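Read through the structure below, which is laid out as structure tokens, and then see the notes.
All of the numbers you see were taken from the coordinates with simple rules; none came from a lab. These numbers come from a predicted model, not from an experiment. Note that each Cβ is placed from the backbone with ideal geometry, even for glycine, and that neighbours are counted across all protein chains shown.
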Amino acid sequence: MRYKFAEVIEKIARKDDKTVFLTGDLGFHAFEKLRDNLGERFINAGVAEHNMVTAASGMAYAGLKPWIYSIAPFVTIKVLEEIRNDICLPGYNVKIVGLGGGYDYGIAGPTHHVLNDVAIMMSLPHLKIYTPGFVEDLENIINKIYKDKSPAYLRLTKAEKNDIPISSYAAVRRITHGEKLTVVVFGSIINRVLPAILHLKKNMVDLWLVSEFPLLIPKELFDSIKKTRMVCVVEEHVQTGGLGHHFNQVLLENKISFKHFIHLYAKGYISHRYGSRDFYLRESGLDKETIAKTIESLI
Amino acid sequence: MKDSLKGRLRVKLRERIIRLASKTPTAHPHIGSCMSCIDILIQTLIFEMKPQDKFILSKGHASLALYVVLNYLGKISDRELEKTYFEEGTQFGIHTPGTLPKDIPLATGSLGHGLSFAVGLAKAYKLLQATNITEAVIRGALPRVFCLMSDGECNEGAVWEAAQFAGSHRLHNLITLIDRNRLQAFGRTKDVLGDGGASAKWRAFGFNVVSCEGHSLKDLEEAFSKVKKFKNKKPNMIICNTIRGKGIKALEGKIESNYTAMEEQIYKQALKDTQNL
């Protein structure tokens, strides 16, 4: 998604000369055009993420609109205190962009993955989280983030081709209609859930995609659960503090009851071996085949 | 005339710190650090800074010294400071708060953040001036950004990330000051991780470096004059040689100066000592 991301950021920066872009020395073969066109407003802040985060907050204080970019764990876990103290507590308008949510970096290994970013970032004040499920969502999301003055975290992943027509962007939206099971998916793992349900009969799975936190659940999703009474949450994030926990809390607060609540989530590093994103997804039971089996067993 | 005013201020603001610190039987106000940097704050905020300039107290534990200076400048009222300092619900944290964003742009306390914020701010002001933005904050003189760190704080890795950024972006509108009292929380800087206020380190990172006696306002004034004469577009560092607890004889140069409460006996003696600065 970084190519599309660069294209949209460039459009914004052309219109708004207060927009500045800082990267933690990443963007080879993707941000060259952005760098050339933004000139002084494109800053390679170096492999120095602690400084990049807090320097961006200084820039926001001065009236600029900084976006900071790196591989997801390097702009979340690594710099948590800077994000909390210098961006979130004062509520400065800094946009944090992390590439490679979940197991996206595959064989690069656990140091380049982030499986607990929602848990961490949702615990911070004033911060909103955005995760596109499809590359087609990215422009809407970036424009939404840009218009909002709050700090934001954008969790990017690699774009995958999608042949299924999708509804227009919303923070939480329905992807397919169904009567038997409500499936709620966080972000780009949608690209493993969709193929898992394609062969099923029509009107079985009511599939929803969540792209933003804090959760604002539409009435139609509550109605879906009231009807199916069967919920399956799928996310490429650890069990603690992700969509499953947050969604369960929302259902409790809204007194929505259900028969089953099944949670498919990232289980970390079971074999301690290295492999592709799909290798890790298989270990966690988040691959297309296991998701399909789980869903079939519920309908 | 000006020198005698400055002399009086050094005594008066020290008295104020001691009196306010005596409101608590605890050592929270970090009296030693406040006494170490109060002269630097007086010269910087009262005599050097222009209205468009910004100041970041990176060593946030010396917040009480900053409060008394901001009070002198009329930015914090007497009533508010006297009535609420160390009371429940006060906005005057033991570490600098986020509730006075115009005068305290960043709430600090965790060390190693201030210089990064300052370099971002200095870079932003340069960009805002260079790009001639319509609603520019910058009209006229380029704002300068002042940042005061402690020498112990230079243990933090982020300080050196920020230093590299300042050097490579040639932030000549950045004036960093180090309160070099050679003590940190639990040891002498030379015995812990070395001297963060060593001129050679900062020169190697691309700074103009000036050293001065950090309790002499005249020396500090001269240091600022020297900084203004540099035309090489490098960021600036003023190493201020200081004594922790300066002005309270029993605490001067001692680690325990940051762990001493202003209880009656030491409080009375401290007030007497400040008269003989």
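Ordered by the number of other Cβ atoms lying within 10 Å of each residue's own Cβ, fewest first, B:F117, A:F28, B:F92, A:F258 fall into the sequence A:F28, A:F258, B:F92, B:F117. Please work out the FRET efficiency for the pair B:S168 and A:I270, using the Cβ-Cβ distance as r and a Förster radius of 45 Å; give the result to the nearest 0.05. E between B:S168 and A:I270, to the nearest 0.05, is 0.55.
Its residue count N fixes a reference of 2.2 N^0.38 Å for region B:185-260, and the Cα radius of gyration divided by that reference is 1.30.
Using every Cα-Cα pair within the protein assembly as shown, state what percent have a distance larger than 41 Å. Percent of Cα pairs beyond 41 Å in the protein assembly as shown: 35.
Quick one: of the DSSP bridges fully inside region A:2-156, what percent are antiparallel, nearest 5? The antiparallel proportion sits near 5 percent.
Given R0 = 56 Å, the distance between the Cβ atoms of B:S4 and A:D36 translates into a calculated FRET efficiency of 0.45. Separation of region A:101-148 from region B:157-178 is 30 Å, based on Cα centroids.
Each eigenvalue of the Cα gyration tensor of region B:2-274, multiplied by 5 and square-rooted, gives one semi-axis; in descending order these are 29, 21, 17 Å. Residue by residue along B:154-166, Cβ atoms of other protein chains within 10 Å of the local Cβ number 4 on average.
From largest to smallest, the equivalent ellipsoid semi-axes obtained for region A:2-156 from the alpha-carbon gyration tensor read 20, 19, 15 Å. For the residues A:I142, A:I164, A:I189, a GNM of chain A with alpha-carbon springs under 10 Å puts the largest fluctuation on A:I164.
Neighbour counting of Cβ atoms within 10 Å sorts the residues A:D16, A:D104, fewest neighbours leading, into A:D16, A:D104. Taken residue by residue and averaged, Cβ atoms of other chains lying within 10 Å of the Cβ of B:238-248 number 0. Legend: mean number of C-beta atoms from other chains within 10 angstrom of residue C-beta atoms, peptide A:15-27, equals 2. The loop-placed GluC sites (Glu not before Pro) in region B:15-111, going by DSSP, that have at most 13 neighbouring Cβ atoms within 10 Å of their Cβ come out as B:E87, B:E88. Normalised by 2.2 N^0.38 Å, where N is the number of residues, the alpha-carbon radius of gyration of region A:172-298 equals 1.01. Quick check: Cα centre of region A:33-98 to Cα centre of region B:234-265, how many Å? Each part reduced to its Cα centre gives a spacing of 35 Å.
Please find, in a Gaussian network model of chain A (springs between Cα atoms separated by less than 10 Å), the residue of A:L209, A:L281, A:L251 whose mean-square fluctuation is greatest. Maximum fluctuation in the GNM of chain A, among the listed residues, is at A:L251. Counting only residues at least eight positions apart within a chain, or on another chain, the lysines with an alpha carbon under 21 Å from that of B:K246 are B:K6, B:K12, B:K23, B:K59, B:K190, B:K218, B:K254, B:K268, B:K272. By the equivalent-ellipsoid construction on the alpha carbon gyration tensor, region A:180-243 comes out with semi-axes of 19, 16, 10 Å, ordered largest to smallest.
Magnitude of the charge dipole for the protein assembly as shown, about its Cα centre and with charges confined to Cβ atoms of Lys, Arg (+1) and Asp, Glu (-1), is about 980 debye.
Ranking of A:F42, A:F261 by neighbouring Cβ atoms within 10 Å, starting from the fewest: A:F261, A:F42. Mean residue ellipticity at 222 nm from the helices of chain B, using -39,500 (n - 2.57) per DSSP H segment of n ≥ 4 over the full residue count, to the nearest 500 deg cm²/dmol? Rounded to the nearest 500, the figure is -12000 deg cm²/dmol. Spread over its residues, the convex hull of the C-alpha atoms of chain A is 124 Å³ per residue. Considering only A:K201, A:K227, A:K288, the Gaussian network model of chain A with Cα springs below 10 Å gives its largest mean-square fluctuation to A:K201. Dividing the summed helix terms, -39500 (n - 2.57) for each DSSP H run of n ≥ 4, by the number of residues in chain A produces a 222 nm estimate of -9500 deg cm²/dmol to the nearest 500.
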